[in-house]
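Structure first, commentary second.
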Amino acid sequence: MYGLFVFVLGLILGSFYNVVIFRTLSGESLLFPASHCPFCNTPIKWHHKIPVVSYICLKGKCSYCGEKIDIQYPIIELLSGVMFLLLFFKFGLSIAFMLNTVAMSLFLILAGMDYREQKISTKYALFLILSCLFRNYSDILNSLFGAIIGFIVMYLFIRLSKLAKNEFIGDGDIYIFTAICALAGFNHILQVGVMLSLFLTIYALPYIIKKYWLSYGFIWFSVSYILLFLTKLSVIHTGMFFTILIFVNFFCSLFFILKRLIYDIRNRQNLLIVPLSPSVFITALCYVLFF
Ligand SMILES: [Zn+2]
């Protein structure tokens, strides 16, 4: 029962996060004017503002001018609802729940901004870092130390990308990365780094397959057939089959990403841009839930 309440609260706040994302990017005020269609400027009626439900009822179109409503609206709302529910299952109604939802909501808002326009608001990013430090108030030194390491690592990466005259990392990423290192603290910085690289490769997988589908498919099929054969011979069991396959995919993607990066740097081409923040959001959520 409480779960349902928390889920609905997450949905409602999610639609507010949408307002924050879209209005911050367009430089509008958060409070005025009331929500309106970005195409025809018609104010939106209250019964068309119900999170997710309205989007489905309106079939994703404005009820006045018929222009498409951005799919990001229901996605952010749903993500927020599910996130609130998961955090509630983990922490119950407690101080920890509140601190974690604040930090995770800011991660979500910044991920939304970064995904849309590859830029984030520095003001919110600083709030995010503070909320990550505050979340670990009982062990704040560990958290602070993590943040400093994260900042230095990312700063060096940015210097490197500027040296290569190819800015594949934006200045905004430095804040996001510092925040997740503050969240994990110095003790867990390595675990978070591994998780983040895993999610980044999953995120980049469609780009890699599009570019290298022949070699990728060849590796994938040959490895899976060999593994399947070994499973049939009872050399490895099914659990191991999937674990190895996941690792093969991970290192395979990493290899192709590096190959693409080196190619692009050599040829002074625009680099394959994969926004960092969405993967950081998923990593942060997993970290908060499982550590
Ligand atoms: Zn409209």
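The values are calculated or read from the model by the stated rules, or taken from the named source; none is laboratory data. Quick caveat: nothing in here was measured; it's all calculated off a predicted structure. Here Cβ is always computed from backbone atoms with ideal geometry, including for glycine, and neighbour counts include all displayed protein chains.
In segment 49-89, what count of residues is obtained for those that are hydroxyl-bearing (Ser, Thr, Tyr) and either in the same structural domain as Cys286 (by TED's automatic domain parsing) or within 19 Å of Ser105 (Cα to Cα) (or both)? Of the residues in that region, 2 qualify.
Within the group Ile75, Ile140, Ile95, which residue is within 27 Å of Asn41 (Cβ to Cβ) and of a type in the set (A, V, I, L, M, F, W, C)?
Values: Ile140 fails: within 27 Å of Asn41 (Cβ to Cβ); Ile95 fails: within 27 Å of Asn41 (Cβ to Cβ).
After applying the criteria, what remains is Ile75.
In segment 219-272, of all residues being hydrophobic (A, V, I, L, M, F, W, C) and in contact (Cβ under 8 Å) with a residue 60 or more places away in the chain, the one that is farthest from Leu160 (Cα to Cα) corresponds to Leu272.
Picking from Phe251, Phe199, which residue would you name as being among the aromatic types (Phe, Trp, Tyr) and touching a Ser or Thr at 6+ places or on another chain (Cβ under 6 Å)?
Of Phe251, Phe199, the one residue that is among the aromatic types (Phe, Trp, Tyr) and touching a Ser or Thr at 6+ places or on another chain (Cβ under 6 Å) is Phe199.
Looking for something modelled with pLDDT of 90 or more, in a helix (DSSP H, G or I), within 16 Å of the ligand (Cβ to nearest atom) and not aliphatic (A, V, I, L, M) - is there at least one such residue anywhere in segment 132-139? So far as segment 132-139 goes, no, none of its residues is modelled with pLDDT of 90 or more, in a helix (DSSP H, G or I), within 16 Å of the ligand (Cβ to nearest atom) and not aliphatic (A, V, I, L, M). Within segment 15-42, if we keep just the residues that are hydroxyl-bearing (Ser, Thr, Tyr) and within 14 Å of the ligand (Cβ to nearest atom), the residue that is farthest from Ser121 (Cα to Cα) turns out to be Thr42. Listed by first and then second residue, the pairs with beta-carbon distance under 6 Å, at least 6 apart or on different chains, first residue in segment 93-114 and more than 23 Å from Gly3 (Cα to Cα), second aromatic (Phe, Trp, Tyr) and surrounded by 22 or more Cβ atoms within 10 Å (Cβ to Cβ), are Ala111/Phe281.
In segment 197-215, the residues that are in contact (Cβ under 8 Å) with a residue 12 or more places away in the chain and small (Gly, Ala, Ser) form Cβ pairs under 7 Å with partners that are part of a helix (DSSP H, G or I) and surrounded by 18 or more Cβ atoms within 10 Å (Cβ to Cβ), at six or more places apart or across chains, as follows: Ala204/Ser253; Ala204/Ile257.
Do we find that Glu67 is within 16 Å of the ligand (Cβ to nearest atom) and closer than 28 Å to Pro275 by Cβ in this structure?
yes
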